[in-house]
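**Student:** My questions all concern the structure below.
The values are calculated or read from the model by the stated rules, or taken from the named source; none is laboratory data. Note that the structure is predicted; figures quoted are calculated from it, not measured. Note that we place each Cβ from the backbone using ideal geometry, even for glycine, and neighbour counts take in every protein chain shown. Accessible surface is based on the protein model in full, side chains and every heavy atom, while ligands, DNA and RNA are left aside. Shrake-Rupley method; radii C 1.70, N 1.55, O 1.52, S 1.80 Å.
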Amino acid sequence: ENVEESVRCASLLAATNLQLGRYREVVQWADRGLQVSEIKDFERKILEYDRAQAFELLGELKESLRSYRKVFEEDPDFRDVQARISKIELLSD
């Protein structure tokens, strides 16, 4: 199996399920993609961010925050990750 293709497929399926409101499936596909050892940095950030969003929408804020923080540590300017972390921290207080 082509490693690059499997990560791309997992990312596409995570993003599609996110749009469809199937948040558990987003987490499953993101986790699958994140398990690939040769994953590229930008792919890891996208999958981790989608995973965080899915957990946020499921109301699982601790898990969501954990994933958003991983993205933030790697790239503080990625999408709106700073704002999302701040929002969840406010909700969690």
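**Student:** Hey, of [x] 0.97; [y] 0.93; [z] 1.00, which did the structure itself give for Rg/Rh (Cα atoms, Kirkwood Rh) when calculated?
**Tutor:** Evaluating Rg/Rh (Cα atoms, Kirkwood Rh) on these atoms matches [x].
**Student:** Just the number, please: carbon plus sulfur as a percent of the accessible area of the chain, 1.4 Å probe, no ligands or DNA/RNA counted. Numbers along the way, then the final one.
**Tutor:** On the way: 2840 of 5810 Å².
Summing carbon and sulfur atoms, their accessible area is 49 percent of the total for the chain.
**Student:** Determine ³J(HN,Hα), in whole Hz, for all residues of the stretch 37-54 in sequence, where each value follows from phi through the Karplus function 6.51 cos²θ - 1.76 cosθ + 1.60 and θ = phi - 60°; x replaces Gly and Pro.
**Tutor:** With coefficients 6.51, -1.76 and 1.60, one gets 5, 8, 4, 7, 4, 5, 5, 4, 4, 5, 5, 5, 5, 4, 4, 4, 4, 4 Hz.
**Student:** How far apart, in nm, are the 7 Å Cα→Cβ label points at R24 and R79?
**Tutor:** It is 2.2 nm.
**Student:** On to the next question. Go through the stretch 1-48 and name the trypsin sites (Lys or Arg not before Pro) that are in a DSSP coil and have 13 or fewer other Cβ atoms within 10 Å of their Cβ. Before the final figure, lay out each step's value.
**Tutor:** On the way: sites: R8, R22, R24, R32, K40, R44, K45; in loops: R22, K40.
When the trypsin sites (Lys or Arg not before Pro) of the stretch 1-48 are filtered for loop state and at most 13 Cβ neighbours within 10 Å, K40 remain.
**Student:** Could you derive backbone 3J(HN,Hα) for the stretch 72-82 from the dihedral phi with the Karplus parameters 6.51, -1.76 and 1.60 (θ = phi - 60°), listing whole Hz in sequence and x where the residue is Gly or Pro?
**Tutor:** 4, 4, 7, 7, x, 9, 5, 6, 10, 4, 4
**Student:** Okay, next question. Compute the distance in nm between two label points, each set 7 Å from the Cα along the Cα-to-Cβ direction, one at S37 and one at D93.
**Tutor:** For the pair S37/D93, the computed spacing is 4.4 nm.
**Student:** Something else about it: If you take the beta carbon distance between E5 and L57 as r and set R0 to 30 Å, what does 1/(1 + (r/R0)^6) give as a FRET efficiency, to the nearest 0.05? Mind showing how you got there, number by number?
**Tutor:** Values: r = 28 Å, r/R0 = 0.92.
That gives a FRET efficiency of 0.60.
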